[in-house]
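Any read-out appearing in this document is the output of simple, stated calculations on the displayed coordinates, not a laboratory observation. Computed from a prediction, not measured in an experiment: that's the story for all the values here. Every residue, glycine among them, receives a Cβ derived from its backbone with ideal geometry; neighbour counts consider all protein chains shown.
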Amino acid sequence: MSFNSVVVYHSILLLGAPGSGKGTQGKILGTIPGFYHCACGDVFRAVDPRSDYGKAFIHYSSKGQLVPDDVTIGLWAAQIESMERTGRFKPETDFLVLDGIPRNVNQAKILIDKLDVRRVFHLDCPDKSKVYDRLKRRALKENRIDDINDEVIERRQQIYEQETKPVLDFYGEKLITEVDSAQLPYQVLRDILTAIEHHGDGLE
Ligand code: AP5
């Protein structure tokens with residue numbers, strides 16, 4: 001997998017099961033100067049559904065499955081490099097706030113030279129019924145094909161446990177901050193910001 005830009009991205013990862021609140025927190029962080037939010041699911045949802053990328057996304061996400069890694073990284077790289085070229089993301093000054101990527105250990109390995117990961121926030125909501133309620137409520141508000149039925153939601157949770165959770169071990173304990181995402185959104189944000197402050201401007 002190749003990137004056109006050789007710049008390394010200083011990154012903060014939001015990692016958690018579907019419905020844990022990655023997108024909610026990522027969007028807020030992205031409004032703070034010096035932070036640029038990029039959600040992999042949003043990158044897919046913005047693609048023309050008639051294109052090859054769009055068709056692949058619908059095919060896999062409607063079953064609750066991950067899109068193959070080559071498609072995912074290819075599309076993501078094109079998007080982030082376009083944001084870099086147009087000056088919306090400034091890698092020399094911005095922290096890249098990633099949600100939804102890397103989604104498995106293979107993606108983390110592919111991105112190892114591209115991402116300088118400064119902190120991984122594990123948004124954990126042990127009460128699964130809370131997460132299901134959130135996703136069901138969102139399904140009524142937004143046109144999310146992957147929230148449509150219980151079977152797909154359940155499949156996404158299983159894939160998270162099997163494929164995405166091991167990404168935490170890949171980055172290791174020292175980089176991880178555990179956050180209780182069953183709290184109210186402002187409390188989750190407070191915990192994230194407190195950790196960012198604690199780890200300093202450079203998030204060392
Ligand atoms: P993606 O869009 O990444 O979905 P997801 O990870 O399943 O995450 P969600 O968007 O469902 O949840 P979230 O954690 O962002 O929660 P949110 O903040 O929205 O991916 C969709 C699909 O794309 C995948 O299944 C896959 O097919 C494909 N894909 C994407 N990336 C990929 C990759 N790297 N590789 C391969 N395939 C990939 O919150 C959910 C709801 O809860 C909202 O309504 C919100 O308002 C509410 N809420 C949030 N926080 C709180 C809170 N603290 N209290 C109460 N309500 C809250």
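Summary table below
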item	result
Full-stretch length increase - E92, L193 - with 0.36 nm per residue and alpha-carbon distance subtracted	34.3 nm
FRET efficiency estimate (nearest 0.05) - Cβ-Cβ, F35 to K136, R0 22 angstrom	0.15
Nearest-0.05 FRET efficiency for E173 and V71, computed from C-beta distance (R0 41 Å)	0.85
Set of lysines near K55 by C-alpha distance (under 28 Å), chain-local residues within fewer than 8 positions excluded	K22, K27, K63, K109, K114, K136, K141, K165
Net charge, T177 excluded, C-beta distance under 12 Å - Lys, Arg +1, Asp, Glu -1	-3
Highest-MSF residue in the chain out of R85, R118, R155 [GNM, Cα springs under 10 Å]	R85
Over 18 Å [Cα-Cα, the stretch 153-204], rounded percent	51
Net +/- balance of residues flanking D69 in space, Cβ distance below 13 Å, scoring K and R +1, D and E -1	0
Base-10 log of normalised Debye intensity for the stretch 9-194 (one unit scatterer per alpha-carbon) at q = 0.19 Å⁻¹	-1.53
Max mean-square fluctuation residue, GNM over the chain, Cα-Cα springs under 10 Å, options K114, K90, K141	K141
Gain in span if fully extended, V7 to D127, counting 0.36 nm per residue against the direct Cα distance	39.2 nm
Proximal aspartates and glutamates relative to K174, as straight alpha-carbon distance under 12 Å, when same-chain residues fewer than 8 apart are discounted	E204
